[in-house]
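Report on the structure given below.
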Amino acid sequence: MIAPSILSADFANLAREADAVRGSDWLHVDVMDAHFVPNLTLGLPVVQSLLGATDIPIDCHLMIEDPGRWAPPYAEAGAYNVTFHAEATDDPTAVARDIRAAGAKAGLSIKPGTALDPYLDILGSFDTLLVMSVEPGFGGQSFMPEVLDKVRTLRTRIDADDLRILVEIDGGINADTIEQAAEAGVDCFVAGSAVYGADDPAAAVQALRAQAAAVRG
Ligand code: DX5
Ligand code: ZN
């Protein structure tokens, strides 16, 4: 699966930018609050408008403090998947339960420096596990291959226990890096600058998907 990140799109033309990546599996929307990360993007009203402007399922990546308070409304609004950060809450399973109760898939994200081990025993509470391959906050950064150890560990655990969880990766994914991520076991690839920086974003999505599929089979 390929999820273009609209962080690299033209914010004055989001409906058109969503249309530019038709055929994508998810549309990745980065919500930043200028507290959890040193950047500010968009919030619920913009997500609500986007939901009315595209048929692509919306994948909300909440880089915000207090997700227990702010995450469920994104699910109520109709986002397909709502991911929050493990570092932002003491009770990730409770947040996931509220997101699911509000009608969305629930995702947990971990920053590059955050260990996976404390979360391995609660994987069943989530539908997606988003491994950050850059420090969250900005698009266009370089891929950090060292996070792929966490992806391999996840892949092994998910396959061994037959868990229904998607492994998603976010940050620095492009034609040069997607294959190593696919080899490690990623299911869903977020790509911002590699898609919206291309002359033909829809074609870039297809090319990335073909590269990943050739590896994953
Ligand atoms: C970064 C965001 C990413 C970002 C990825 O904090 O979470 O989704 O848009 O952008 P690229 O693909 O350019 O690294
Ligand atoms: Zn993101």
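Values in this text are rule-based calculations from the coordinates and carry no lab data. These figures come from a predicted structure and were not determined experimentally. Neighbour counts are summed over all protein chains in view; Cβ atoms, including those assigned to glycine, are modelled from backbone coordinates with ideal geometry.
From the Cα gyration tensor of region 72-171, with a ≥ b ≥ c the square roots of its eigenvalues, which class applies: rounded if a/c is under 1.5, or else prolate if a/b is larger than b/c, or else oblate? Walk me through the intermediate numbers first.
Values: a/c = 1.80, a/b = 1.23, b/c = 1.46.
The shape class here is oblate.
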Roughly what % antiparallel, to the nearest 5, for the DSSP beta bridges in the chain? 5
Going residue by residue through region 61-66, the Karplus relation 6.51 cos²θ - 1.76 cosθ + 1.60 with θ = phi - 60° gives ³J(HN,Hα) values, rounded to whole Hz and with x marking Gly or Pro, of 10, 8, 9, 9, 7, 6
Helix check for the chain. Which DSSP H runs span at least 18 Å along their own axis by Cα, with a mean Kyte-Doolittle hydropathy no less than -0.5? 201-216
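Work out which trypsin sites (Lys or Arg not before Pro) in the chain are exposed loop sites (DSSP not H, G, I, E or B, at most 13 other Cβ within 10 Å) and give the longest gap free of them. Could the numbers behind the result be given before it?
Values: sites that count: R22, R164.
Answer from the scan: 23-163.
Using 0.36 nm times the number of residues separating E183 and L163, minus their current alpha carbon distance, what extension gain do you get?
Numbers: separation 20, 0.36 × 20 = 7.20 nm, distance 1.90 nm.
Gain on stretching E183 to L163: 5.3 nm.
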Summing +1 for each Lys or Arg and -1 for each Asp or Glu, what net charge is found among the other residues whose Cβ lies under 12 Å from the Cβ of I6? -4
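Where the only charges are on Cβ atoms (+1 Lys, Arg; -1 Asp, Glu), what is the dipole of the chain about its Cα centre, to the nearest 20 debye?
300
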Please work out the FRET efficiency for the pair E146 and A101, using the Cβ-Cβ distance as r and a Förster radius of 35 Å; give the result to the nearest 0.05. 0.45
Coarse-grained scattering of region 1-152 at q = 0.16 Å⁻¹, given as base-10 log I(q)/I(0) from a Debye sum over alpha-carbon atoms: -0.86
Give the long-range amide H neighbours of L27: residues separated by 5 or more places, or on another chain, with amide H under 5 Å away, using H modelled in the peptide plane at 1.01 Å from N. I58, D59
With the crude spin-label approximation of a point 7 Å out along Cα→Cβ, what separation in nm comes out for D19 versus L120? 4.8
Could you tell me which residue out of T128, M144, I173 lies farthest along the dipole of region 80-217 toward its positive end? Charges go on the beta carbon: Lys and Arg +1, Asp and Glu -1, centred on the Cα centre. T128
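Give, as a single signed number, the net charge of other residues whose beta carbon lies under 14 Å from the beta carbon of A102, with Lys and Arg counted +1 and Asp and Glu -1. Walk me through the numbers before you get to the answer.
Numbers: positive: R69, R97, R100, K105; negative: E76, D98, D127.
Spelling it out: positives minus negatives among the neighbours equals +1.
So what is the 222 nm mean residue ellipticity for the chain from helices alone, if each DSSP H run of at least 4 adds -39500 (n - 2.57) and you divide by all residues, rounding to the nearest 500 deg cm²/dmol? Can you show the working numbers first?
Numbers: 9 runs with 75 residues, N = 217.
Roughly -9500 deg cm²/dmol at 222 nm, from the helical runs in the chain.
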Taking the chain as a Gaussian network, where each spring joins two C-alpha atoms under 10 Å apart, which residue of M144, M132, M32 fluctuates the most? M144
